[in-house]
Every structure is written in C-alpha cells, then in structure tokens.
Amino acid sequence: MDLLEKKRIVIMGVANQRSIAWGIAKSLYEAGAELAFTYQGERLEKRVKQLIDEHMPGSLCVECDVTSDEQLQQAFSVIQQKWGYLDGLVHSIAFAKSTDLDGDFVQTSRDGYHLAQEISAYSLVAVSREAQPLMKNGGSIVTMTYLGSEKVIANYNVMGVAKAALEANVKYLANDLGPHQIRVNAISAGPIKTLAAKGVKNFNTVLDVIKEKAPLRRTTDASEVGDTALFLMSHLSRGITGEVIHVDNGFNIIS
Ligand code: 0WD
C-alpha cells in the first residue's frame, strides 16, 4: 500500500520546478497523497498552475500570501470547503531583502529584520493556527530550515536569525499541538540551487565546499528532502515531533 494513500496535504511555497516544495510535492504525490498547493500572488499563479496541470492534475491550488491574515483565512476556508479535513502541511517559505543578506549583520535594518522574521518564521505560527482545526485526526506539519540558524554562515545573516526563530517555533508549536496528535518538525536542508538561493552571494562556492567536505561528498538534491518529508508525513515517524532533521549529506557534523 502507498504510504500516504488517502492523506490530504497542503504544500506552501512552490515558486517553480526547482523549489524544494516541488521536490517534496513529487515525493508525496508518488506515495499516493492528495495535494493542495498555495502560491504567493498573481506573479506565481500561472507558473504554479501550469506545473500542477502538467504533473499533478486535479490538485487544489489557492492563493495565499502569508503576510495577509485575510488570505490565510480565505485559503484555509477553501481547503475546508473542498476537503473537510487535512492530514499534513508543508511550509517551505522564506524571504529577506537581498541587501540584508550580505555585508555586516550588525547593519541589518529594523524593517529588514522584521520582514525576514514575519515571512520566514512567524508565518509558520499563523499557518499552523489555520491548519489545526482541520487536522481532526491528528496531522504532521513540516517546515524548512538551514544550518545558518546554528552557526554563523557568511551571507546568510538576517535569515540565519529568522531560521533560529523558526526552529524555536517548531518546538513551541509541537508542544501546543501535540495533545491534538499534530506533530511539528523541521528539515534542515543542505544548500540547493533554487530561486531563493540566488539571493545568497557566492552560493556556488558554498556548493563546492560541500562537495569536498560533506561526509557523502555531494550536494543535497531536492528529492532527498522530499523523501524525508514523506517519512515525516507518514505513520513511520509517528513518535517524532519538535525535531530538526538534517538532510545535508552530513555536512553539519563537519567543523
Ligand atoms: O539552499 C536552499 N535552497 C535551502 C532552502 C536550504 C535550506 C532551507 N531552505 C529553505 C528556504 O529558506 C525556504 O524556507 O527552503 C524553503 C524553500 O526555499 P527554496 O525552495 O529554496 O526557494 P524558492 O523556490 O524561492 O521558494 C521560496 C518561496 C518563494 O519564492 P520566491 O523565490 O518567489 O520568493 O517562498 C514563497 C515564494 O513562493 N514566499 C511566500 N509565500 C507566501 N507568502 C512569501 C509570502 N509572503 N514570500 C515568499
């Protein structure tokens, strides 16, 4: 039997076919899940709908900018109407101004700090709040983080601090939602060339270092993250919550 047969899962954060969220969607879809996608604004609507029509026809697709409470409520109300319940949610969303990513962290503007926290960390709290009433039979929430939360990584700056907050959110949410049998976990992925990664200076150099130093001597592929998300969405991970799982070919253990 497919591991995710009859599971209904929302995927937030597909921007294009390179998005980690898309890699996750592929793993979950192949395991039999029924998927709903949310996209950020008209800018991405056409591209995301086209991807879905080509590869996962019949999946739900609704607009949701996570900075808008109104759009969040609207999106989950559509999902409630169409599905009635929810088993899982993938949060694969982050944003920071490129000017706040390089240079000295100490120069981070108030606005830039606030924006990175709002979109990259607070949004997990907001979407979990919307998802919880729909997870009537328990559920699994998975978000995406990066090593820059644990260690100082050049050109990650304000996003590293936002990821640290996101990982703390995972623990507090896991504690709140645990009694409802809802698990909350994060995947800490190694660097992958996506649209978001384009904002990080010297990204190719980072990839070269990983190829040389990671125990498995290769960079992370979105399908590796996708398969870990599949595990976290399935009953196989039923005893795991509040956890950060590294999917980085072991790079985080190297100093
Ligand atoms: O190396 C990497 N690519 C890693 C990414 C390593 C480890 C973690 N991550 C994380 C990112 O920080 C993010 O949380 O994975 C998540 C997904 O990132 P991605 O797949 O690398 O990047 P991308 O394909 O750009 O998806 C992120 C998307 C946005 O894309 P763009 O590029 O258009 O900003 O987050 C979404 C949007 O689709 N997003 C929003 N969605 C709803 N409301 C918003 C928003 N306000 N802002 C950004």
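Rule-based calculations on the coordinates, nothing more; no lab input. Just so it is clear, the model here is predicted, and its values are computed rather than measured. Note that each Cβ is placed from the backbone with ideal geometry, even for glycine, and that neighbours are counted across all protein chains shown.
General remarks:
- Counted charge near Met12, where neighbours are those whose Cβ lies closer than 13 Å (Asp, Glu -1; Lys, Arg +1): -3
- Label-to-label distance, Glu30 versus His114, with points set 7 angstrom from Cα along the beta-carbon direction: 4.4 nm.
- Based on C-alpha pairs under 8 angstrom that are at least 6 apart in sequence, the chain has a relative contact order of 21 percent.
- J(HN,Hα) series, segment 237-254, from Karplus relation 6.51 cos²θ - 1.76 cosθ + 1.60, nearest Hz, glycine and proline x: 9, 4, x, 10, 8, x, 9, 10, 9, 7, 10, 9, 6, x, 4, 5, 8, 8
- Pairs of Cα atoms nearer than 8 Å and 6+ residues apart set the relative contact order; for segment 91-206 it is 32 percent.
- Relative contact order [Cα under 8 Å, 6+ residues apart], segment 1-48, whole percent: 48 percent
- Segment 154-171-segment 191-249 distance, computed between alpha-carbon centres (Å): 16 Å
- Total formal charge among the other residues, if their Cβ is under 14 angstrom from that of Phe105, Lys/Arg +1 and Asp/Glu -1: +2
- Whether segment 95-233 is rounded, prolate or oblate, judged on the alpha carbon gyration tensor where a/c under 1.5 counts as rounded: oblate
- Compared with the dominant principal axis of the Cα atoms in the chain, helix 20-30 is inclined by about 40°.
- Taking 0.36 nm per residue of sequence separation and removing the Cα-Cα distance, the Glu212/Lys97 pair yields an extension gain of 38.4 nm.
- Cut-off 13 Å between beta-carbons: net charge of the residues surrounding Tyr29, Lys and Arg +1, Asp and Glu -1: -3
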